[in-house]
Every structure is written in C-alpha cells, then in structure tokens.
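This report refers to the structure that appears directly beneath it.
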Amino acid sequence: MAGLLCKKRKKTGVTDLQEEGKNAINAPMSPALPDLHPEDTLLEENEERTMIDPNSKEEAKFKELIKVLIDWINDVLVEERIIVKQLEEDVYDGQVLQKLLEKLAGRKLNVAEVTQSEIGQKQKLQTVLEAVHDLLRPHGWAIKWNVDSIHGKNLVSILHLLVALAMHFRAPIRLPEHVSVQVVVVRKREGLLQTAQVTEELTTTTEMMMGRFERDAFDTLFDHAPDKLSVVKKSLITFVNKHLNKLNLEVTELETQFADGVYLVLLMGLLEDYFVPLHNFYLTPESFDQKVHNVSFAFELMQDGGLKKPKARPEDVVNLDLKSTLRVLYNLFTKYKNVE
C-alpha cells in the first residue's frame with residue numbers, strides 16, 4: 001500500500017479508482033503527486049488525506065529515527081515478550097502503547113488487555129492517549145496526534161508521539177537530530193483533487209526538545225551570559241583536579257575528558273572514599289556503548305551517594321555535550337566542594 005492513510009478507503013470499482021487517480025494527476029493548479037496508487041487518491045467531497053512522500057522514507061536519518069525508536073520500544077518491553085517490527089502495523093491498536101506507557105510511568109491503565117474490534121481499539125487508544133496528554137501538556141508539547149491518526153496508521157503522528165514519550169521519559173537513546181519529512185496533503189474540492197506538499201519536522205536538537213521540559217541555570221548561562229562560562233569551567237576544573245590529582249590525573253578540557261565516563265567513575269570513588277572495582281566499568285572503553293555504560297555507572301554511584309538522578313543523559317555526555325557535562329559536574333561540586 002503506497003502512502004499512509006488517515007482514513008479507511010471506501011470500496012468501489014477498479015474503473016472508478018483509476019478515474020479518480022487520473023483526475024488527481026490532471027487537476028489544475030495542483031503540484032505533481034508522488035508515485036501513488038490510484039486507490040490512494042479516492043476521496044469524498046471535502047475529505048482530506050495525508051501521506052509521506054516516498055522519497056522521504058528513503059532518507060537515512062528518517063530510517064535511523066524509526067530504527068532507534070523500534071529498538072527502544074523492544075528494549076523497554078522485553079519482559080512483556082512484545083516485539084515491534086513495523087511501527088504502523090504494531091502501534092495503531094493501542095496495545096503496544098498501553099504496555100509502553102505502563103512500563104515507563106510505572107502505573108497500570110484501566111483498559112481491556114486485548115480487544116479485536118475497531119471500536120474497542122479506539123476506546124483503548126483514547127484512554128492511553130489521555131494518559132499521555134496528562135503527562136506531556138504541562139511541559140508544553142504540541143499534541144500532533146489523535147485517536148484517528150494513530151489508529152489510521154499515520155506514521156508521522158506515530159513518530160511525533162513516540163519522540164515526545166522518549167524525550168519525556170529520558171530514554172537512553174540518541175535520536176537523530178533535524179529529521180524532517182515531506183508530507184503530501186490531498187484534498188477533494190468541487191470534484192477535483194488538490195494536492196500540497198508540506199515539510200513536517202519530527203526532531204530538532206536534543207537540547208531544544210529537552211528544553212520543552214525544563215530549563216535551568218546553565219541554559220541561562222549559555223543563552224545570556226556566555227562570558228561567564230569560562231569562569232564556571234575554571235572553577236569546576238579546579239574542583240575535579242583537586243581530587244583526580246591524587247591519582248596523578250589532570251583535566252584540562254571538560255568537554256572531552258569526561259566523555260568516556262572513566263574520570264567520572266574514578267572521581268566518585270575519590271569523593272566518597274572507596275575503591276571502585278575495575279570489573280564494574282571499562283578502564284579503556286573503545287565503543288560508544290562502553291562509554292555510555294561507564295557514564296551510566298557513574299550516575300548510579302552519584303545516586304547511591306545521595307544525589308538526585310542527573311538531568312543529563314549519559315549519551316549526551318558521551319557525545320561531548322558541554323552543557324550536559326557541566327550539569328553533572330556542578331551537581332558534584334555543590335555537594336562535595338568542601339571534601340578534602
């Protein structure tokens with residue numbers, strides 16, 4: 001089936017379908033349609049349908065976004081023995097979304113476990129999406145999906161929803177940034193099909209998407225007082241070296257030297273006065289995953305020491321995001337600045 005349809009197709013004869021497709025192509029003042037099946041252009045008067053331009057589906061960043069989200073869902077739901085292979089086909093009925101939200105939010109939803117009818121599926125979807133909206137709306141997310149678009153297997157709506165959930169729950173994944181798709185909008189007016197093509201932005205930057213949920217002193221520092229940034233960095237370098245020097249280690253670049261997590265783990269051991277067994281982390285990490293493991297492990301040590309869960313994500317620290325690294329180190333500085 002070409003395209004993602006927001007509404008179910010109406011049954012009709014092959015001749016009528018072909019005629020509708022012919023009218024769509026010949027409609028005056030309409031941009032050229034992508035290579036669509038004639039069935040995709042069958043609409044009633046004033047009806048509207050949207051679909052992703054097939055060329056957008058082939059772009060590497062779009063494919064990466066889908067893969068990252070599918071892998072994330074499968075990781076979260078591994079104990080449920082749920083395996084998602086295709087977002088449109090596996091998410092639309094509400095079952096996967098229900099399990100995903102319950103797992104992420106740590107709460108049960110009052111919905112039927114299994115429902116086959118369209119009405120039952122939409123009722124479940126309604127309940128699940130209301131719970132999602134209760135979580136997201138207070139943080140400023142624009143709701144770009146609804147029951148009909150999700151149940152209609154609209155991939156753009158499904159992606160908007162999953163990106164929002166991943167950001168809200170600080171998923172341990174790295175979403176590709178600046179992912180956009182071309183969406184074809186087909187409308188029927190006075191018997192003729194009119195088409196338009198719009199750009200739909202699925203992701204911006206991680207920082208901007210996370211900024212929907214919270215801003216702190218470091219956002220203000222970067223945005224309004226960059227001249228003071230060097231002062232903050234110097235203070236933090238002095239603080240970490242005071243302790244790392246005990247192991248004959250020295251930091252000169254905050255952006256890069258904490259990215260593999262090794263110094264963070266060692267620093268926590270020094271601050272809390274214990275030896276961290278070498279089998280718990282990678283002393284010479286080589287892969288991205290090994291570095292993420294180290295930073296995640298350091299975050300666990302911080303929480304064991306009484307600190308709140310860091311606002312930064314391990315992936316952002318590994319990816320040399322200075323603001324994330326500064327947030328982590330400043331939290332340590334606040335608690336341990338008087339430790340000798």
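The values are calculated or read from the model by the stated rules, or taken from the named source; none is laboratory data. Computed from a predicted structure; not experimentally measured. Using ideal geometry, Cβ is built from the backbone for each residue, glycine included, and neighbour counts are taken over all protein chains shown. Quick note on the areas: whole protein, heavy atoms, side chains included, nothing else; ligands and nucleic acids left out. Shrake-Rupley method; radii C 1.70, N 1.55, O 1.52, S 1.80 Å.
Annotations for the structure displayed:
- Cβ-Cβ under 7 Å pairs, at least 6 apart or on other chains, region 116-135 side in the same structural domain as VAL91 (by the TED database), far side acidic (Asp, Glu): GLN121/ASP93
- Hits in region 77-93 (condition: closer than 18 Å to GLU113 by Cβ and open to solvent by less than 90 Å² (accessible area, probe 1.4 Å)): LEU77, GLU80, ILE82, VAL84, ASP90, VAL91, TYR92, ASP93
- Every residue from region 304-325 that is in contact (Cβ under 8 Å) with a residue 40 or more places away in the chain, surrounded by fewer than 20 Cβ atoms within 10 Å (Cβ to Cβ) and not in a helix (DSSP H, G or I): LYS311, ASN319, LEU320, ASP321
- Criterion (out of contact with any strand residue (DSSP E or B) (no Cβ under 7 Å at 6 or more places or on another chain), closer than 23 Å to GLU48 by Cβ and not assigned by the TED database to the domain that holds HIS293) met by exactly one of LEU69, LEU159, LEU65: LEU159
- The test for being under 23 Å from PHE169 (Cβ atoms) and not hydroxyl-bearing (Ser, Thr, Tyr) holds for PHE299.
- Restricting region 269-293 to residues that are in contact with a helix residue (DSSP H, G or I) (Cβ under 6 Å, 6 or more places away or on another chain) and outside any loop (DSSP other than H, G, I, E, B) leaves a set whose member that is most open to solvent (accessible area, probe 1.4 Å) is LYS291.
- Of all the numbered requirements in (1) in contact (Cβ under 8 Å) with a residue 24 or more places away in the chain; (2) among the aliphatic types (A, V, I, L, M); (3) more than 26 Å from HIS168 (Cα to Cα), VAL328 misses one, and that requirement is (3).
- Residue in region 254-268 that is of a type in the set (Val, Ile, Thr) and not in a helix (DSSP H, G or I) present: no
- Taking region 228-245 as the range and being modelled with pLDDT under 90 and more than 14 Å from GLN257 (Cα to Cα) as the test, the residues that pass are LYS228, LEU229, SER230, VAL231, VAL232, LYS234, SER235.
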